[in-house]
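Asker: Sharing a structure below in structure tokens format, with a few things to ask.
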Amino acid sequence: MGSGPLADALVSCLAPRASELAAPALVLVLAGSAADLDPRFDEHLAALAQNGGGRAVVITEADEIAAEALVGDTRRTREEVLRHWPHRTARLATSGVLLNRISVGASTLLGHEPMLVRRVQACSRGAAGLSAGAVAEAVLALLHPRNTYCVGQELRVDGGLGLHWIAPAASISTLPSHRTVPSDPARSSDPARVLVLGASSGIGAAIATAWAARGAEVILAARREKELGEQLDQIRAAGGSGQLYSVDLGTPGAARAVVEHAWEELGPIGGLVHAAGVFALTSRDEPTRATLDRCMSINFLPYAEAAQTLWERWRGTGTSGSIVGISSVGGSRAMVPHLQAYGTSKAAMDHFTRTMALTMAAQGSRINTVAPGLIRTRLANAVDETFLQSWLARIPMGRPGTTTEIVPLASYLLSSRSQSVTGQVIALDGGFSLPNLPSVQLHRRTSA
């Protein structure tokens, strides 16, 4: 685990909840006064690989803080660990070791000077401060037994510091009126009512089912009424509570209407998940504008419309909530030709998340995005087998993910446990987005 006040506090937080962690697992605190690298860490990682895999999390300061707070051997130690981070995580993933990173904000828990802590708080639009409880919840999310498709990712528990908010000119001695992070986020209240757009199948249905099992009332919205009804029947049969709205989210204003109608009919909505999506390649058979309109009208515009509508409701009632968008690695990677319409719509989701996070943060609301890679859904099942094998060759874990592997991290981001996390885009792709060349069979050309 490491040494220092944060490491000690994490042990106290995690020990009673050890049953919630995947095993075997390693956690290394490499931040502040605990920035001495355990020389056995690499040995432990190698042992995990030799024994069939496991989990590992490294906790560091956010880059913005490390540049000023760390000097000498401490800085060199951190740089040594992170220098080859993408390549190391990709290599370990091929052996079943899932290594991820948590970046934290400034705190006296890490031995940071009070003036640095105040400067960081002045640059963070979201929840200020850092608690061991918030970091422990992030560790629990990454080491969740079913979070098995997340590798090489950075989860920033920093109140939105990484969004590069241009704060109004003010004296550093005057702190902004931010929320502070609860010492025990697990005891804060989760959304009691959650709206899921695109809930008739796939990732949306899986998240809705999970939140119904947690006791939330789930509102299922999608175009396919028959499938929605089947999902709702399953939720109710398991003892959950839910309602459904059959709606074509591609119709302008439809997402806003669903939010407003559900709020008035059922009561305040504390959480939103946008999982509706359409996949389309731009081709000569369809005008580029038509393909772009189709992708934007389903993938992005309902997300923005619903988020803005909920934000207006929360602001008007003095409440707050949490939003999670389901994007795609196609929003940040140009994977195949003719993906420009689909990729642009997903990239729009990602950047909307970052900018909306700044808009919502001062009143305590949060928004984050999960960007899945190849996931076994109805859309993925339609992929050509040759292309599927080529894609798998670029994934260090060597397999597609499942909808159940998306649920733990998406649920963490939607819940009160992630109150210091906002504006994040986190890939769940088995390592696809890491630097990784596929293994190919080279054939020597011979003369006749």
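The values are calculated or read from the model by the stated rules, or taken from the named source; none is laboratory data. If you're wondering where the values come from, they're calculated on a predicted model, not measured in any experiment. Cβ atoms come from the backbone with ideal geometry, glycine included; neighbour counts cover every protein chain shown.
Asker: Only one residue in E305, E260, E265 is in contact with a helix residue (DSSP H, G or I) (Cβ under 6 Å, 6 or more places away or on another chain) and of a type outside the set (F, W, Y), so which one is that?
Answerer: Being in contact with a helix residue (DSSP H, G or I) (Cβ under 6 Å, 6 or more places away or on another chain) and of a type outside the set (F, W, Y) holds for just one of E305, E260, E265, which is E305.
Asker: Are there any pairs with C-beta distances below 6 angstrom linking a residue in segment 416-427 that is within 10 Å of R366 (Cα to Cα) to a residue that is at pLDDT 95 or above and aliphatic (A, V, I, L, M), with the two at least 6 apart or on different chains, and if so which?
Answerer: From segment 416-427, the pairs are T422/A357; G423/A357.
Condition check ((1) β-branched (V, I, T); (2) outside the structural domain of S19 (by TED's automatic domain parsing); (3) more than 18 Å from I426 (Cα to Cα); (4) modelled with pLDDT of 65 or more) across all residues:
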| residue | (1), (2), (3), (4) |
| --- | --- |
| H144 | no, no, no, yes |
| Q153 | no, no, no, yes |
| A169 | no, yes, yes, no |
| T174 | yes, yes, yes, no |
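Asker: Now for a separate question. What number of residues in segment 110-163 are of a type in the set (D, E), assigned to a loop (DSSP other than H, G, I, E, B) and out of contact with any Gly (no Cβ under 6 Å at 6 or more places or on another chain)?
Answerer: 1
Asker: Can you spot a residue in segment 261-270 that is touching a Leu at 6+ places or on another chain (Cβ under 9 Å), assigned by TED's automatic domain parsing to the domain that holds D350 and in a helix (DSSP H, G or I)?
Answerer: Taking every residue of segment 261-270 in turn, at least one turns out to be touching a Leu at 6+ places or on another chain (Cβ under 9 Å), assigned by TED's automatic domain parsing to the domain that holds D350 and in a helix (DSSP H, G or I).
Asker: Being surrounded by 18 or more Cβ atoms within 10 Å (Cβ to Cβ), at pLDDT below 95 and aliphatic (A, V, I, L, M) is true for just one of L374, L428, L379, L413. Which residue is that?
Answerer: L374
Asker: Would you mind telling me which numbered condition in (1) among the small types (G, A, S); (2) in contact (Cβ under 8 Å) with a residue 24 or more places away in the chain; (3) assigned to a helix (DSSP H, G or I); (4) surrounded by fewer than 18 Cβ atoms within 10 Å (Cβ to Cβ) S345 fails?
Answerer: Unmet condition: (4).
Asker: Of everything in segment 370-429, what is in a helix (DSSP H, G or I) and closer than 17 Å to V336 by Cβ? Give them in sequence order.
Answerer: Answer for segment 370-429, where residues must be in a helix (DSSP H, G or I) and closer than 17 Å to V336 by Cβ: A380, A382, E385, T386, F387, L388, Q389, S390, W391, L392, A393.
Asker: Only one residue in T89, T74, T94 is at pLDDT below 75 and in the same structural domain as A18 (by TED's automatic domain parsing). Which one?
Answerer: Unique residue meeting the criteria: T74.
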